[in-house]
Amino acid sequence: MTITPGHWLALSAALFTIGLIGVLVRRNLIIIFMAIELMLNAGNIALVTFSNLHQQVSGQVFALFVIAVAAAEAAVGLGIVLALYRNKETVNIDEITVMRW
Amino acid sequence: MTTNRDTATSAFDTDELVINMGPQHPSTHGVLRLVLRLDGERVIDMDVVIGYLHRGVEKLTEQRDYTQIVLLTDRMDYVAAASNNLGYVETVEKLMSLEVPKRAQYIRTVLAELQRIASHLVWLGTHAMDIGAVTVFLYCLRERELVLDLFEEYCGARLTYNAMRVGGLPMDLSTGWEAKVRAFCDLLPGKIDDYETLLTNNRIWLERTKDVGVISGADATAIGLTGPALRASGVRRDVRKDEPYAAYKDFDFEVPLGTRGDTYDRYTVRLIEMRQSVRIVQQALDGMPDGPVMGKVPRLIKPPAGETYHAIESPKGELGYFIVSDGQSLSPYRLRVRPPSLCNLQALPQLARGHLVADVVALIGTIDIVLGEVDR
Amino acid sequence: MGTAIAFYILAALILTGGVLVITAKSAVHSVVWLVGTIIAIAALYVVQHAEFLAVIQVLVYAGGIVVLYLFVVMLVNLKRPAEAIVHPQRRERTGLLLGGALLAQFAAVAFYAFNSPQVGTAATYSARGNVEAVARALYVEYLVPFEVASVLLLVAMVGAIVLARRDA
Amino acid sequence: MADPTPAAPRPAPAAEKKVAAPTGPPDPPPPDDLARPAYLEPLTAALPGAIVHTSYWVGDWTLITTSEHWVAVLTWLRDDPRAAFDACADLTAVDWPAREQRFDIVITLYATTRRERVRVKIRVADQQAAPTACGVWPSANWLEREVFDMYGIPFAGHPDLRRLLMPDEWQGHPQRKDYPLEGPGELVLEAPDDWIAMPELRRGVEIE
Amino acid sequence: MIDMVVIPVFKMLVVITAVLSAVAYMVLLERKVQAWVQVRLGPMRVGPHGVLQPIADVLKLITKEDVRPASADRFLFTLAPILVVVPALIVFAVVPFGTSTTMFGKEISLYITDLDIGLLYIVSVASIGLYGLILGGWASNSKYPLLSSLRASAQIVSYEVAVTMTLVSLIVTAGSLSLVEIVKAQEAHGVWYVFIQPVAFVIFVIGALAETNRAPFDLPEAEQELVGGFHTEYSGMRFALFFLAEYTNMIVVSAVGVTMFLGGWLAPFSSVSWLAWLGLVPGWVWFSLKTFLLLSLFLWIRATLPRYRYDQLMRLGWKVLIPLALVNLAVSAVLKVLL
């Protein structure tokens, strides 16, 4: 049976939800970052699906830009995690409640 | 050294990391243990732990008579046994003010210089292998085999020669030995050129040795460095020239001096020294007088009461013997050996501070220590 | 027919990988599962004829970003497990409920709007292959965003270095 | 070619003829006609009473001083341009148990520029702290640690006085003349349970 | 059905066996070459002149007990070697050994697939191999392998940038990403790219040496410092995989080097008329000959050069190779436009 765009979007939505649950449930900051990566990938899948649907390549170009943004976000985010860990010896999000450390 | 999961990662915390290099480590030239305090890769401080090969040579000498002690001296710096014998035997002769026949002095000089070449070959081989040039190690040992064959033909042993006695030599040269030594002397300079082509202007070798372990002349003298390590810092100090012993005053040879006192200078100084040793051996063979090889020595060696210190230039540096005799017993009252390897090793922490772990490996090689002599 | 099989296998892989990423006990395990998921997604792009994107995904994402994660996870592995402290106001169950509700809504919208059998997903818009098409678009129509993205990456690099520098 | 017969086997030390235990090297005074080294005059002038005795034998000059003047003499020998002993070749000790001030501490100095050697000696009693020469030459550091390890002479002011060669928890100082040459003896360890009793045995045999 | 399934599987089998036997004999060749350089004989005992030595090695490694440290992470400890070997092997899918030949009546192309993103595929698969190293060091849970695995990965990441830049500058001259097209372009140009892009070739070889942890850059396994590098805790079959991966990587890198720079299966001096008979020799013979040439360069370098220190290695990578590669890329782009 042929694969309709609906299947791709369902997959993308499922992946997005898994990422969301990861962000909400887990307390380790790095696992939360990874969950965000999952959500970004879900977005990418949707983008590529629409690009195929509308016969335009711009969807894939956008997916490229999303990967670029994800890279930037990961670099700076992990930089913050490192600085945080060095000062507070923890990456548990529940313990990081004070704006200033 | 496995630590549990958490401390393994804490290896990355910004505080210092203490690691043990040795006593069982491929590049510590024997049972030397270095406790390194590192900040990342950089060495902050180093504690040298020795004594793993301590056999109490100085205590043993008090139970043996003067001829049996020659055996003990072989086993201290097992890479340069002939120099140890020469140092000990000459000190006893100085104690008893014995006259050693000219021929014996010439042969002793030849043996000492051949031993210097062999010791420098071992040094170059292991030093280059530590820095990664494995081929040089094989080449050096091939040449060293020729020197060992010469020694084996003269005194029957390849490592612990026991080739000298108080007052002279136990046996004269066998026929044809001198021709073999001349052949070796013609061969060696060519081989040293081979090593030079492999290493001297090899960019990676330069980068690993230039400006690594720099020490000034004054600091080197103060910390007790002697031999090629001191001469590389520009200090003109060679016992063969300053206090000529055996037959050295009859030969002319240059003493190479370094300028910056880094690992590269110590490398070049030792290579030139090998070439000079070949010149000395050739001069000695040309001027070899005839005559007896053993002076007039009483059957029971019993030196008069008194004490003396006599030093020779072993391949590692100034090797001195301080012998106290009480004039009554057949064995020395006290025999103290001034080991160049121990005194050179004392400079290691100062040399290594601020360098990386990979440099420590090169620095151990450049001060050329043998643990048998360090621990005695 | 081939794409259907590939789709279902890869979808299964991606979803299980995703779930394992957020449920793995040790952080390093979850990083490994993340790599698996990303490579599966790259395979998915190949199925959707977006080869260039697939290769970039593997090269940049799996080969670069997730390596960064692995380094940081190894660097920051705590002496005590990360999840030891639980914040009193934490409501896990509501988190799950919200997630489920969101999923249901997505599924409804997706099936309702796109279930009509439109044209298949074979992208045959340019003969010279996907890479040429993406390159042409990237450097012609989207040149400005491309430059902005490079500036963004530069800023991120500087930021990361400043933050992670030891004596910062 | 005179093939010297190997030295006669050591005579059995059975009847060691009773001789007074040696109390120190003779240190003969220098013959009058021999030229004194250049630094000797200024040294005795600069530090009056520091040099107790000067000796010359088989070509070696020896100065004997006291532990009070030890550091002063060494510093002068290093700093004075006429002496310029910039290298401390060796520092060791000799044990004369018969003597009240039991240990001789002997330092051998060398002047690199003037190519000259001198030996300086002091006498130290057991457990009496000797002044450290590390301040004057850093190379004395390990040499003094070895003397402490082998003879048990503590050096006052030494930056890091630990055993150099023997393991840190070693009891006794092996180079002393009265250090027992055998342990409690292998004969005792015939039966295995002796092995268990070993600690008491060792405590029984007092190794100071 | 035949074309889709049977032929590719057959090709894969041929390539895999060819590569594995090449790796086995590469190990023997390395020990022999190093021995001859060092005036000794090398393995002589197993078979005449040690010819059967590789088989002996393989048997030894298989039968040797496979020890795993107690505190090691079970799952990662087994995953790491696989993550190193698989990327090394699947790169061969894209490498063209020759054009096409007719075997038992059917037109068969001498490469498994011709991806139009071939080169990118190679680079991305190579970056996956990095995980095996890091996880290998981390899983054995002891200080030394951990340090050396991080050193290895930092080294690979920094040299990967330089190598990719050189490959990009080649794509600019060749005009296509697919390896088959690149070789055809070299045939069209009539000259091998090593002469057009000498700088890129030099950087590629240095980068390749560093990326496979070989010769002057074999820091992570430097026995003198980190006592065995990241596979200290491995033994038996797992160690064999690491070992296999290292040599396969070497073959991969030289194969790619040959395809890109030395005109894959092209016969040399094709333009010189009286040497035209060289063309009769089949393409894949030339390809393996050139790969062998590049491999022996690796072995020869390992036998002679000493080792770089870690910070010098990184400085060389970042401050010398990458800028040079970028300049080369710019220059080749400008030339491409002008010519």
Within the accessible area of chain E (1.4 Å probe), percent carbon and sulfur
75
When you have a sec, figure out the Kirkwood radius of the stretch B:214-290 from all distinct Cα pair distances and drop it here in Å to one decimal?
13.2
Any chance you could check the Cα centroid distance between the stretch C:12-66 and the stretch D:122-166 for me, in angstrom?
66
Using only alpha carbon positions, build the gyration tensor of the stretch B:217-348, then give the equivalent ellipsoid semi-axes as the square roots of 5 times its eigenvalues, largest first, whole angstrom.
31, 23, 10
CD proxy, 222 nm, the protein assembly as shown: helix-only mean residue ellipticity via -39,500 (n - 2.57) per DSSP H run with n ≥ 4, per residue, nearest 500, stands at -17000 deg cm²/dmol
May I ask you to rank D:33, B:186, B:250, D:95 by accessible area, largest first, using a 1.4 Å probe over the protein chains only?
D:33, B:186, B:250, D:95
Mind listing the Cα extents of the stretch E:64-338 along all three principal axes, in Å, largest one first?
65, 49, 33
Give the separation of the Cα centroids, the stretch D:19-40 to the stretch B:318-376, in Å.
29
Among DSSP beta bridges whose residues both lie in the protein assembly as shown, state the antiparallel percentage, nearest 5.
90
At a probe size of 1.4 Å, how large is the accessible area of residue C:106, to the nearest 10 Å²?
80
Dipole magnitude (debye, nearest 20) for chain B, charges at Cβ of Lys, Arg, Asp, Glu:
720
Per residue of C:132-143, what is the mean number of Cβ atoms on other protein chains within 10 angstrom of that residue's Cβ?
4
Highest GNM mean-square fluctuation among E:253, E:91, E:39, for chain E with Cα springs under 10 Å, belongs to E:39
The relative contact order of the stretch B:188-284, taking Cα pairs under 8 Å that sit 6 or more residues apart, comes to a percentage of 32
Using every pair of alpha-carbon atoms in the stretch D:40-170, split the distances into 10 Å bins beginning at 0 and state the percent of pairs per bin, rounded to integers.
12, 44, 33, 9, 1
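Going through the stretch A:16-101, which trypsin sites (Lys or Arg not before Pro) have at most 14 other Cβ atoms within 10 Å and a DSSP loop state?
Qualifying residues, ordered by number: A:100.
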Can you pull out the chymotrypsin sites (Phe, Trp or Tyr not before Pro) in the stretch E:26-112 that DSSP calls coil and that have at most 14 other Cβ atoms within 10 Å?
E:104
For chain B, modelled as a Gaussian network with Cα springs under 10 Å, which listed residue fluctuates most, B:174, B:325, B:341?
B:174
With a 1.4 angstrom probe the carbon and sulfur portion of accessible area for the stretch B:14-375, in percent, totals 54
To the nearest 10 Å², what's residue E:31's accessible area with a 1.4 Å probe?
100
Cα point-scatterer Debye curve for the protein assembly as shown, base-10 log of I(q)/I(0) at q = 0.04, 0.09 Å⁻¹
-0.32, -1.12
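Counting heavy atoms of the protein chains only and a 1.4 Å probe, report the per residue accessible area for the protein assembly as shown as a whole number of Å². Spell out each step's value before the answer.
Working: 48780 Å² over 1192 residues.
About 41 Å² of surface per residue is accessible.
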How many nm separate the modelled label positions at residue E:270 and residue B:142, each set 7 Å beyond the Cα in the direction of the Cβ?
4.3
For the interface of chains E and C, what total accessible area is buried with a 1.4 Å probe, rounded to the nearest 100 Å²?
1900
With heavy atoms of protein chains only and a 1.4 Å probe, what residues of the stretch C:1-29 have at least 40 Å² less accessible area in the full set of chains than alone?
C:7, C:8, C:15, C:22, C:28, C:29
Apportionment of accessible area to carbon and sulfur, the stretch A:5-95, percent (1.4 Å)
74
Lysines within cross-link reach of residue B:102: Cα-Cα under 30 Å, excluding same-chain residues under 8 positions apart?
B:94, B:180, B:241, B:249, B:296, B:302, B:316
In Å, the Kirkwood hydrodynamic radius from C-alpha pairs for chain B sits at 21.6
Length-normalised contact order of the stretch B:14-375, Cα under 8 Å, at least 6 apart, in percent, tallies to 27
If you average the C-alpha positions of the stretch A:67-101 and of the stretch B:226-283 separately, how far apart do those two centres end up, in angstrom?
60
Take residue B:187, project a point 7 Å from its Cα along the Cβ direction, then tell me which residues of the stretch B:93-115 have their backbone nitrogen under 17 Å from it.
B:114-115
Work out from phi, with θ = phi - 60° and the Karplus expression 6.51 cos²θ - 1.76 cosθ + 1.60, the ³J(HN,Hα) of each residue of the stretch B:253-261, listed in order in whole Hz, and give x for Gly and Pro.
8, 8, 10, x, 10, x, 10, 9, x
Have a look at the stretch D:88-109 and report residues whose accessible surface goes down by 30 Å² or more when the remaining protein chains are included, against the chain on its own, probe 1.4 Å, ligands and DNA/RNA excluded.
D:89, D:90, D:92, D:94, D:96
As a test of reading the structure, rank E:189, B:29 by solvent-accessible area (1.4 Å probe, protein chains only), most first.
E:189, B:29
Ordered by number, the residues of the stretch E:35-81 that have at least 40 Å² less accessible area in the complete protein assembly than on their own chain alone (1.4 Å probe) are E:38, E:39, E:73, E:75
Buried solvent-accessible surface, both chains (D, B), 1.4 Å probe, Å² to nearest 100
4700
Shielding by partners - mean other protein chain Cβ count within 10 Å, residues of A:49-59:
6
With a cap of 13 neighbouring Cβ atoms within 10 Å, and only residues DSSP puts in a loop, list the GluC sites (Glu not before Pro) found in the stretch B:236-325.
B:254
Largest fluctuation, E:103, E:260, E:44 only, Gaussian network model of chain E with Cα springs under 10 angstrom, belongs to E:103
Before we go on, tell me the buried accessible area for the A/C pair, both chains summed, 1.4 Å probe, in Å² to the nearest 100.
7200
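The values are calculated or read from the model by the stated rules, or taken from the named source; none is laboratory data. All values derive from a computational prediction rather than experimental measurement. Neighbour counts are summed over all protein chains in view; Cβ atoms, including those assigned to glycine, are modelled from backbone coordinates with ideal geometry. All accessible areas refer to the heavy atoms of the entire protein, side chains included, with ligands and DNA or RNA removed. Shrake-Rupley method; radii C 1.70, N 1.55, O 1.52, S 1.80 Å.
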